[in-house]
Amino acid sequence: MVSIDVVISILRSSISMTVPILFASVGEVYTERSGVLNLSVEGIMTVSAFFALWTTFLTGSYFNGILAGIAIALFFGLFFAFVCVKITVNQLIAGLLFYTLGIAIADFSYRYVLRIAVPIVEPLPPLKLPILRSIPYIGTILFEHNVLVYISFVIPIIMGLILYKTVWGLKIRSVGENPQAADAAGVKVNLIRFLCVIIGAAFAGLGGSYITLGHLGTYVAGGATVAGRGWIAILVAILSGWNPYRCILGSWIFGLGYAIAAELISSYGGSLASSYFFLMIPYIFALIVILVFRKTTRPPAALTVPYKRK
Amino acid sequence: MSYRISQIIESFLVYSFGVFASLIVLVIILLVLGYSPLMSLSALLHGGFGTAYNISQSLNQSAIFLLCALAFILPAKSRFYNIGAEGQMYLGALIAFLVGSQLGNFHPAVAITLTALAGFAGGMLWIAVPVLMKVKLQINEIFTTMIFNFIAINLVNWLTAGPLKDPYSYHLQTPPLPPSTWLPVIVSSTELNAGISLSLVLALATYILLEKTIIGLEIKATGFNPRAARALGVKTTFNMLIAALIGAGFAGLAGMIVVTTGSHILTQNFSPGYGYLGIAIAALSNFNPLGAMIASFFYAALWVGGMHLQFLPGKAAIPVQLIYVFENLIVIIVLVVKALSEERRRILSWLA
């Protein structure tokens, strides 16, 4: 019999596991809505995860770390946008190359700094919200997290309002649906796409920074830091029908998979072998989620189609 | 004819320029990080090509890279983007190990053949679900094959740390395979094993399949325009299934080569991303199996040379991951240069 404490503990950690996926998926919604498929989210998150950790380790400031994580992601996004929007290299191939490039850069940097020090930081302290935290059960599950968690639940709402209620959002959607018509109406197609790729990268960077600063406190080489969350974020963007609001629920479902695995490891993962066994759970969970939620809405019509003026 | 020659010259220029530009980036990185570019690059060249022994290591590595590249190229021709070569290789290694460890009393020819078939089957097993989800439910294969990579790595991690672990070893690895399953060394006094000939034969076979046979034509038609192909009576589902299964089998075979050479064991994280590098090699060679032969040797030599950079004395030692960065950069820069040269040709033809 599963006790109520275990359920609360899983739900609490599912909220924390949702955050990196949520940031990255909202960013990817923007990228894809503008007609660009960025498959390198996992790579960007890994680079940001490392540089956020290293900056915080050096300066002692979480704020600096997050800024560094976003900055390196912006740089990466700019490079990707140059290759895919300006030069119009195949987005799928470029995305995969940037994914491995990101992991390689992060792993190289990690090995390089290991000669100086092992970067470890204390994860961001929780910001327990007064009054709200004293609600039974819900207070523990929702309102005893660090500040990035609260931000991550406001961001999709702001980004959704921008996408659906403002002229900017209309421009983004039109560029992804019918770039020729948007261009004829005076919208700068490739400028919007550049911006959306960069916005997407910045959010992926924020998500990556959360993994090391808000959750792990350290970096694990070989792609095990982000551990597939970047790929899952792209999935969430697609399965949510490119809707920032629905990303909240979508990310939470996958976050739950990671939380269940983490709970099983801490309760039953006596040996190293069994913890590896439980680490398969989030991915099997993800496959099931794909099967259940596969019927989505139509993708943006110009997704992966580069735009060139005739 | 002259058009073809000018095309070859142009692509030669594109590749040389791409490699040269990434080399400049590499030198800048080395300088910024305080390494000596001359010393590092000469160590890289020596490590990859310096001695017959080093060349044999590069060739061995290129067998694995080539098979991983084929695992992307063949399915991609039917428009199935298999990015699961990494996981299929782990599964191939696992199944090959499980079967091979039972074959101690067999004649090597039989044992090696059965182990290779097991590896091939392991790769196919790992793409079965993604390819079925693709053809039956139209679920995007990029995500499913990727998810299967993560499952495969953790599966092998679990088995090598638990049920299959060598009880006498401190490391997380299995006991060695029986000698009857070891791939033979084909040039004495080097480490060159039969994996390279196997991979070259398979690359050639893939080329012939794609360019000289009906089924190859149908696979390409499936990828080029599935609706038109179906209207002409091509069995598109069947072709995609075949291309994906054979491709994944190649990746499984790469895993088999890994466990039947070297220390002859299955170990945790034996691949630092060979499967993904296969995609980079495929893109670099423009999805041509023959081009992939050359590209994978080039990449393998860089890779083996990169291993030597780690053992430079003291402060000069460079983490091998720098080579991973470099190898990805080369492809990105080559693709950019290629796109620019096509753009230039388009403008020229428009003017003329």
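Summary table below
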{"item": "Any pair with Cβ under 6 angstrom, 6 or more apart, that starts in region B:180-192 at a residue that is in contact (Cβ under 8 Å) with a residue 12 or more places away in the chain and ends at one that is assigned to a strand (DSSP E or B) and surrounded by 17 or more Cβ atoms within 10 Å (Cβ to Cβ)", "result": "B:L183/B:N193"}
{"item": "First in region B:218-234 and farther than 10 Å from B:R79 by Cα, second anywhere and assigned to a helix (DSSP H, G or I) and among the basic types (K, R), Cβ under 8 Å, 6 or more apart", "result": "none"}
{"item": "Matching residues, region A:275-294, being more than 7 Å from every other protein chain (Cβ to nearest Cβ) and without any contact (Cβ under 8 Å) to a residue 12 or more places away in the chain", "result": "A:S275, A:I288, A:L291, A:V292"}
{"item": "Matching residues in region B:104-121 - criterion: being surrounded by 15 or more Cβ atoms within 10 Å (Cβ to Cβ) and either more than 17 Å from B:G249 (Cβ to Cβ) or of a type in the set (D, E, K, R) (or both)", "result": "B:F106, B:P108, B:A111"}
{"item": "Selection status of B:M124, in a helix (DSSP H, G or I) and either surrounded by fewer than 24 Cβ atoms within 10 Å (Cβ to Cβ) or within 13 Å of chain A (Cβ to nearest Cβ) (or both)", "result": "yes"}
{"item": "Complete set of residues in region A:142-154 that are surrounded by fewer than 19 Cβ atoms within 10 Å (Cβ to Cβ) and aliphatic (A, V, I, L, M)", "result": "A:L142, A:V147, A:I151, A:V154"}
{"item": "Search result, residues across region B:83-95 that are more than 11 Å from chain A (Cβ to nearest Cβ) and of a type outside the set (G, A, S)", "result": "B:Q88, B:M89, B:Y90, B:L91, B:L94, B:I95"}
{"item": "Any hit, region A:230-237, residues being touching a residue at least 12 places away in the same chain (Cβ under 8 Å), of a type in the set (F, W, Y) and within 23 Å of B:F143 (Cα to Cα)", "result": "yes"}
{"item": "Checklist (1) assigned to a loop (DSSP other than H, G, I, E, B); (2) without any contact (Cβ under 8 Å) to a residue 24 or more places away in the chain; (3) aromatic (F, W, Y) applied to A:W242, failing item", "result": "(2)"}
{"item": "Criterion (at pLDDT 90 or above and surrounded by fewer than 18 Cβ atoms within 10 Å (Cβ to Cβ)) met by exactly one of B:I28, B:I73", "result": "B:I28"}
{"item": "B:L98, sole failed condition from (1) at the interface with chain A (Cβ under 9 Å from one of its Cβ atoms); (2) of a type outside the set (G, A, S); (3) surrounded by fewer than 24 Cβ atoms within 10 Å (Cβ to Cβ)", "result": "(1)"}
{"item": "Only listed residue being basic (K, R) and within 20 Å of A:L148 (Cα to Cα), chosen from A:R12, A:R33", "result": "A:R12"}
{"item": "B:S189 small (G, A, S), modelled with pLDDT under 95, in contact with a helix residue (DSSP H, G or I) (Cβ under 8 Å, 6 or more places away or on another chain) and in a loop (DSSP other than H, G, I, E, B)", "result": "yes"}
{"item": "Residues satisfying the stated conditions in region B:127-143, i.e. closer than 18 Å to B:L74 by Cβ and facing another protein chain (nearest Cβ under 8 Å)", "result": "B:I142"}
{"item": "Within region A:243-260, considering residues that are surrounded by 24 or more Cβ atoms within 10 Å (Cβ to Cβ) and within 14 Å of chain B (Cβ to nearest Cβ), the one nearest to A:L163 (Cα to Cα)", "result": "A:G250"}
{"item": "Sole exception among (1) within 24 Å of the chain's Cα centre (by Cα); (2) free of Cβ contacts under 8 Å to residues at least 24 places away in the same chain; (3) within 11 Å of chain B (Cβ to nearest Cβ) for A:P299, by number", "result": "(2)"}
{"item": "Region B:164-186: number of residues that are more than 14 Å from chain A (Cβ to nearest Cβ) and not in a loop (DSSP other than H, G, I, E, B)", "result": "4"}
{"item": "Cross-chain or 6+ apart pairs with Cβ under 6 Å, region A:44-72 first and surrounded by fewer than 20 Cβ atoms within 10 Å (Cβ to Cβ), then part of a helix (DSSP H, G or I)", "result": "A:N64/A:T55"}
{"item": "Test: residue in region A:101-110 that is in contact (Cβ under 8 Å) with a residue 40 or more places away in the chain and away from chain B (no Cβ under 14 Å)", "result": "no"}
{"item": "Qualifying residue in region B:293-302 (condition: under 12 Å from the mean Cα position of the chain (by Cα) and at positive phi)", "result": "no"}
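The values are calculated or read from the model by the stated rules, or taken from the named source; none is laboratory data. In this text, all values refer to a predicted model and were calculated from it rather than measured experimentally. Don't worry about glycine lacking a Cβ; one is built from the backbone with ideal geometry, like all the others, and counts go over all protein chains shown.
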